[in-house]
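The values are calculated or read from the model by the stated rules, or taken from the named source; none is laboratory data. Since the structure is predicted, the reported quantities are computational estimates derived from the model, not experimental observations. Positions of Cβ are generated from backbone atoms using ideal geometry, with glycine treated the same way; all protein chains shown enter the neighbour counts. The protein model used for the area step is the full one, side chains on, heavy atoms only, and it has no ligands, DNA or RNA in it. Shrake-Rupley method; radii C 1.70, N 1.55, O 1.52, S 1.80 Å.
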Amino acid sequence: MGKTESCITASEIRSRFRERLRQPGCIVAPGCHDALAARIAWDEGFEAIYLSGNAAASGLLGCRDIGLATMSEMVQRARHVAECVRLPVLADADTGYGDANAVARTVREFESAGIAGVHIEDQALPKRCGAMPGLKLVDLDEAVNRVKTALAARRDPNFLVIARTDAIATGDFDEAIRRAQVFAELGADLVMVEDSASEQHVIDIPRRLPGVPLLFDSFDAWPWTLKPTAELGQLGYKIVIFCLSTTFAYANAARRVLRAIRDQGTTRSLENELVSRVDYERILGPGGL
């Protein structure tokens, strides 16, 4: 998708992205916790962008991913990201933020914000990051209802509904596969089997789910997930997200700058690590898309 296509609509972006999903190859969607990161990803030539609930919660509220960010806050952050690029943006919609009515509204709000798709998970409320202990699931019937509701709620048929299961985090790999298969049979556009706990899980998930379009989370805190994206594509994954990589990098860079200011009274020692003003303004554009 060219950067000169200033008039392309969200519906057209979704249509093109769905067509891209039918083509061979693995799509890489780096995590971007704000609009600036999204502009950089666009400038670097990525095909899609991912907005993590964890990253958004840290950027919005400075807190851990324990379900404190509201649906409206997440939609607004997603809207800002989607409006600054001409790329499909996939967003974390947590549990759908409530009962079936809430799930339906969540899908419509993200769709209205110009997002290309969301993933809805099978966690019980209050939800938490999949990497945290104490995670609990709803029963399969409720999880199925969330997926059905999300599929029925979308107005644009090209809006992607991605069904996520966190069953591996409860210690039940077979249940994760069972739920993923059920979600695929319901018509979910992609399935996300989160919380892989070993390299063998990474290999076995696509083997156990042949023909199911899979979204994979390459998470820096889980080294067994950090296979090259080409290899993940060969294993059978269709989309690979890097949920927190740029956010972790931002936090580390911000700490280095702040320490230099505190300890040296200047950022001169970091001059070669900072983006130039010219490049910064080029990334942001001349005043709009």
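Things worth noting here:
- Every pair of different Cα atoms in segment 63-134 enters the Kirkwood calculation, which places the hydrodynamic radius at 12.6 Å.
- Table column - 3J(HN,Hα) (Hz), segment 100-106, Karplus curve with 6.51, -1.76, 1.60, x for Gly and Pro: 4, 4, 5, 4, 4, 5, 4
- Overall, segment 58-169 carries a charge dipole of about 240 debye about its Cα centre when +1 sits on the Cβ of Lys and Arg and -1 on the Cβ of Asp and Glu, all other atoms neutral.
- Per residue accessible area of the chain, 1.4 Å probe, in Å²: 46
- In this view, the solvent-accessible surface of residue 11, computed with a 1.4 Å probe and all protein chains in place, comes to about 60 Å².
- Positive-pole candidate from 280, 193, 209, dipole of segment 173-289, charges at beta carbon: 280
- In Hz, Karplus ³J(HN,Hα) per residue of segment 199-216 (6.51, -1.76, 1.60; θ = phi - 60°; x = Gly, Pro): 4, 5, 4, 4, 6, 6, 4, x, 5, 7, 10, x, x, 8, x, 10, 9, 10
- Gyration tensor analysis over the Cα atoms of the chain returns equivalent ellipsoid semi-axes of 31, 22, 19 Å (largest first, whole Å).
- Rough spin-label spacing in nm, given labels placed 7 Å along Cα→Cβ, for residue 155 and residue 252: 4.3
- A 1.4 Å probe, protein heavy atoms only, puts the accessible area of residue 263 near 100 Å².
- Ordered from largest to smallest accessible area (heavy atoms of protein chains, 1.4 Å probe), the residues 240, 144 come out as 144, 240.
- Candidate residues 185, 83: accessible-area rank, largest first, probe 1.4 Å: 185, 83
- Amide H contacts of residue 122 (H built 1.01 Å from N, in plane; Pro and chain starts excluded): 164, 166 sit under 5 Å, all sequence-distant by 5 or more or on other chains.
- Averaging the sequence gap over all C-alpha pairs within less than 8 Å and six or more residues apart, then dividing by the number of residues, gives the chain a relative contact order of 18 percent.
- Using only side-chain charges placed at the Cβ, +1 for Lys and Arg and -1 for Asp and Glu, the dipole size of segment 137-289 relative to its Cα centre rounds to 580 debye.
- Residue-span extension gain [residue 170 to residue 44] - 0.36 nm each, minus C-alpha spacing: 41.6 nm
- Size of electric dipole in segment 128-168: Cβ of Lys, Arg +1 and of Asp, Glu -1, about Cα centre, debye, nearest 20: 160
- Helix 245-264 axis, angle to the chain major axis (alpha carbon atoms, nearest 10°): 30
- Of interest is the spacing of the C-alpha centroids, which for segment 17-96 and segment 164-234 amounts to 20 Å.
- Protein accessible area in the chain, 1.4 Å probe - carbon and sulfur %: 51
- Measuring only protein heavy atoms, the 1.4 Å probe finds residue 142 accessible over about 90 Å².
- Ranking 280, 250, 50 from most to least accessible surface, computed with a 1.4 Å probe over the protein chains only, gives 250, 280, 50.
- Förster radius 45 Å - calculated FRET efficiency between residue 138 and residue 230 (Cβ-Cβ, nearest 0.05): 0.80
- With contacts taken as Cα pairs under 8 Å at a separation of at least 6 residues, segment 44-160 carries a relative contact order of 26 percent.
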